[in-house]
Amino acid sequence: MYLNAVIDTFADKIDYAQIVKVYGNDAEGQTRFSPAQCLCAIPKAILGDPGARHVSTGYVERRHLNMRMGMRRASPG
């Protein structure tokens with residue numbers, strides 16, 4: 001459903017990109033539940049002409065933080 005939602009909704013009115021992260025394991029000091037190490041992050045243009053230096057997850061992460069903090073303040077306890 002989501003794969004085509006942005007394209008169907010906004011057509012050619014926006015610049016849309018994704019970050020593809022490549023993960024790998026660090027063999028040195030690895031334990032059973034060690035998190036994978038991010039080897040690289042590759043910006044991939046999906047729609048329009050987004051600038052590669054502007055492709056970031058920081059924008060949406062900040063938006064989510066603001067939303068969580070707002071909901072926390074609204075909750076009764």
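If you take the residues in the stretch 9-42 that are among the acidic types (Asp, Glu), at pLDDT below 85 and open to solvent by 90 Å² or more (accessible area, probe 1.4 Å), which one is nearest to the chain's Cα centre (by Cα)? Before the answer, list the steps.
First, the residues of the stretch 9-42 that are among the acidic types (Asp, Glu): 12, 15, 26, 28.
Those still in the list that are at pLDDT below 85 too: 12, 26, 28.
From what is left, the residues that are open to solvent by 90 Å² or more (accessible area, probe 1.4 Å) are 12, 28.
Numbers: 12: 21, 28: 28 Å.
Across the stretch 9-42, the extreme among qualifying residues is 12.
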Exercise for the section: Test residue 5 against the stated conditions and say whether it is open to solvent by 70 Å² or more (accessible area, probe 1.4 Å) and either outside any strand (DSSP E or B) or modelled with pLDDT under 85 (or both). Expected result: no
Practice task
Inspect all residues belonging to the stretch 60-67 and state whether any of them is modelled with pLDDT of 85 or more, loosely packed, with under 10 Cβ neighbours inside 10 Å and β-branched (Val, Ile, Thr).
Solution key: yes
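The values are calculated or read from the model by the stated rules, or taken from the named source; none is laboratory data. Everything numeric in this text was worked out from a predicted model, so none of it was measured. Backbone-built Cβ (ideal geometry, glycine too); neighbour counts: all protein chains shown. With ligands, DNA and RNA removed, areas are computed over all heavy atoms of the protein, side chains included. Shrake-Rupley method; radii C 1.70, N 1.55, O 1.52, S 1.80 Å.
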